[in-house]
Every structure is written in C-alpha cells, then in structure tokens.
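Quick notes on the structure that follows.
The values are calculated or read from the model by the stated rules, or taken from the named source; none is laboratory data. Just so we're clear, the structure is a prediction, and the values are computed from it rather than from any experiment. Backbone-built Cβ (ideal geometry, glycine too); neighbour counts: all protein chains shown.
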C-alpha cells in the first residue's frame, strides 16, 4: 500500500500546501511518494525530498507539463497510478482541475477537500459551504482519489532525505493549450500561506480604498484578501476572494474589515486562530464568530489602527 | 453549435439548512429548492451564445426526482430549447452523473457542454472534469469568460494566482465560475411559453449505468461552532489585546 502525492509547487519552490497534504497522506498509512511535475522544477523536487517520511520523489519534466494543464497532468498521473492504492493532492486550483479527471479515468469516485483522516478509507469533509460536516467512507476495493483542504493539516517537518528519481512523461495529449495569463504580482505573502490576513468587503466602497488595508498589511507582513461582494463589485481581482468558492485560509490572525459575514465567506476563514472584525453594523453576523469585534466606521478605524500599530513599534 | 447544460436541483442558496438530529443527513423535506446557482450561470451563458448566433440549440438536462422537472422548466423559461430529465430518486454521485451525461452526449452529439463548477449542496467540484475525461474532451474549468471562434473555445479561467486563458478544441466541457455572467430572471410570458417546450424523460435503467453510490456517508453533523468573543472599544485596546491576550504580534 502506497500513496502518490501530486505536489503543488512554483518550480524552484515547493508550496507549503504539499507539506500539509503529506501529513494527511501519512495519516492514511503506508509509504508516500511525491510527484513533482512541470518544467525546470528541480528546486521543488529537492525541497520535497527533505520532507519527513517521504519514500521517494518522482520528477517528471516536459514542455507540455510546464503549465499543468488538466489533460496533460491527468495523463501523467494515470501513467503512474497502477503502483499506488491512493492518489492525493492539495485542493488548489490546479489539482481541483485535474484530479477528478484522474478519478474518472480510473473509474473511481473522488473525495473532495477532506479536512480530517479518520481511517485508511474514512474521511471528514464539509458540505453546504461549511454548514455541515460529513464523515464518508470509500470502498476498500477502490483506489482512493482524494483532494485535501490542506489548511486543516499541520505541515510535515523537513528532516528527510528521500531520493529523487527522474521519470519520463507520457507523450502530450494536446487537447488544450495555454494562451495567456494575468497573474497578480505582489510583494505580500500569498493568501493561503500568510500568517496574517486583512480582508475587505463591500464596506470598502472602492478598489482605491483597499490602500487603507494595504498600508496595514505592510506593517504586519500580511496578505490582503476580500469577500465575494468586493470582488463581484470589481474592487479587487478574483484571486483575492476568501470563501467557500474562493480561497480557504487558516492564518493566525484574520482581520475582516467591512465584511458582513455571509456564510460562504465564513466557510473560507473560520479556521483562523484569531478573528478580528471591524464593521459599523453591530448586528453583522461576522461578530458572532469574531474573537475581537470593533463596531466602528472603517474609514476612521483603519487610520487609527495604522497609527496604533506604529505606536506599538510595528 | 449544439450546447448541453446540465442543471441540478438543490436547496435554495438562501435557506439555512437543518441537519437531521440522528446524523442522517440534511433535511430537504419542505425546503425551498432552486437551480444550483453555478448551473444558472451555465444556462445563461448558453442562451447568450444562442442570442449571439453562436449556438443553434440549447438543451437542459437534469438527473433527479420528478420534481427536478421544475428546475428544467426554469431553464426552459430562461431560454433553453428543450429539456431531458433522467428520472431517479437515488442520490447519485458525481461520477455517476458524469457517466449518465456521457451517455446523453453520445446520443445528442453536442459541441459544447457547460456545467456549474460545483453544486452548492455537496460542494464536490468534480462532474465537469469527470465528464470531460470520460468523453476524452478538453476541459475549461472555473470560467469567467468564454469566446467561441474558429471552431475553438477560448476560456478565461479563475485560478489561484489570477486569471489564465486556454484554447480548447471542440467539442469541450466548460465549467462556470461566479463572474462569468449574471443570470436573467425568466419573464412571465417566457415562463408560460416554457410549459409547452419539449421535456423528455429517460429511465436511467435504459442506460445500463449502476446508480448505487460507492462512497458511504456515515454521518452528517453540525460543524464545531466558534463562539463570539468580545467587543473592544477602540483601536488602542484592540492592538493591546492582540499583543497581550491573543499573542499574535
């Protein structure tokens, strides 16, 4: 019994989603191999080899894997699937795209976004935007195909020294091609990896006003996020969205500003260790889950917060 | 170009769900049901393609109980040309849905199938990708823009880092994200007209696809709730609390 973990990485660096997913893979039991697929991703393979409890790292590099297109990734994973009883990947936009394709080609169901491993075939996952938790059990006869809501797991430590084996990629499927990308460039940490997040909602009133959040983010080394309402209103791009259908985050500190607290937003951030809400409506549902609530007009509160942080030496 | 849009009947997104006290699932008796919001976006997109002269026919398909007819009538009222109901009372898994849709695709031979990226009940986010795999078609998931030109689909996708545009050979499967469009409300005359549009029923037994779920649902429970904390009066107090009590900086 062995598991194949398809890693998330940015070529030279391994995403911490991979180390967290490894913890879930080890909880299932058996050996774990990590697959690094792409082009020029030797750095990520070396980082993966250092994770504790990895049997070996498989490195597949080819031009047609560089963009992680679903059809190509699925073909690669299928070429390796026979040797494994479980295939796992962190529930990122890349894996959410190709993993169900793998499941279908294997003719097995997929279990999406597990938040706990209760046994070799038994998992917990959220349904109805986080309003219910389901315990599910896959048939032991089926190969497991699982995506992992990795924010629910601790990262595996870096104390290993697994070998790296270069493997050949299958020939390209060529059903689709990447023709453009508009990726947000930012010096701030990524939302899913940030220790502190400050998010704005419709209460921000404009994209321009997000500068108020950015100034505080820079003091705290925080990432800037947004509610669906703020993204739909066009204040910020889609990749800022925190929520059930956006990014699911679990930072140490989450500051929600001008966010009322729609259920689908809460589903994306309620695992934060400490939640602060700043909202002028004292009835806003966000206050029901916040550890610290401030009922205030954000346009006064944010400059005050910035000043207080400066006073505190941050 | 023929477009198929699968639609799912789910608990309305505004309803606060009730979990059965025995852990046996979510209570859907006497609860308002609606079309899955992502599927509504898919229907809207297909209709816009027809209005733009890109699509010739839009077919809505639902798999579910007799009442899923209502969801299909909504799609017809929005502007779909005809509908197919695959009637079953079994709660079926995404993989089974994909197999049934594949069978329908083989009969209808569409050029494009547009699905919601996920249903807001089970939040699986699987069916479109599985369908594409079973058909051997390319996929464009989480679409925020679809352009059909020169026999291909140019799909802009919402990804973790921002946006990505891919080019798909047709036939293809596309799944919708929230910002693809804003679905219309069906007008009263169109709701009346929809009653006369063709709605065919298929018995899934004739497709030879096993419907029994392969994943056992053992329990459904309330998530552990966070407790409301306390209100603080001002930012000075907040910073002090975060530093001294919460210890986050």
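Listing for the model above:
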quantity	calculated
Qualifying strands (runs of 3 or more DSSP E) (wholly inside the stretch B:1-87; at least 3 residues being at pLDDT 95 or above and touching a helix residue (DSSP H, G or I) at 6+ places or on another chain (Cβ under 8 Å))	B:2-6, B:33-35, B:57-64, B:82-87
Members of the stretch A:68-105 that are within 18 Å of residue B:174 (Cα to Cα), in contact with a strand residue (DSSP E or B) (Cβ under 6 Å, 6 or more places away or on another chain) and not in a helix (DSSP H, G or I)	A:69
Of residues in the stretch A:123-140 being at pLDDT below 95 and outside any strand (DSSP E or B), the one surrounded by the fewest Cβ atoms within 10 Å (Cβ to Cβ)	A:131
Residue in the stretch A:197-213 that is in a loop (DSSP other than H, G, I, E, B), at pLDDT below 95 and in contact with a helix residue (DSSP H, G or I) (Cβ under 7 Å, 6 or more places away or on another chain) present	no
The stretch A:1-52: number of residues that are assigned to a helix (DSSP H, G or I) and either farther than 28 Å from residue A:139 by Cα or touching a helix residue (DSSP H, G or I) at 6+ places or on another chain (Cβ under 8 Å) (or both)	14
Candidates A:109, A:120 - the one that is closer than 23 Å to residue B:140 by Cα, more than 21 Å from the chain's Cα centre (by Cα) and not in a helix (DSSP H, G or I)	A:109
Some residue of the stretch A:218-235 being within 11 Å of chain B (Cβ to nearest Cβ), without any contact (Cβ under 8 Å) to a residue 60 or more places away in the chain and under 17 Å from residue B:235 (Cβ atoms)	yes
Of residues in the stretch A:144-168 being outside any strand (DSSP E or B) and buried (at least 17 other Cβ atoms within 10 Å of the Cβ), the one farthest from the other protein chains (Cβ to nearest Cβ)	A:162
Every residue from the stretch A:169-189 that is outside any strand (DSSP E or B) and at the interface with another protein chain (Cβ under 8 Å from one of its Cβ atoms)	A:175, A:184
The stretch A:270-281, residues that are surrounded by fewer than 23 Cβ atoms within 10 Å (Cβ to Cβ) and at the interface with another protein chain (Cβ under 8 Å from one of its Cβ atoms)	A:270, A:273, A:274
Residue ID - surrounded by the fewest Cβ atoms within 10 Å (Cβ to Cβ), chosen from residues in the stretch B:133-144 that are in a helix (DSSP H, G or I) and facing chain A (nearest Cβ under 7 Å)	B:134
Residues satisfying the stated conditions in the stretch B:102-132, i.e. within 11 Å of another protein chain (Cβ to nearest Cβ) and outside any loop (DSSP other than H, G, I, E, B)	B:102, B:116, B:127, B:128, B:129, B:130, B:131, B:132
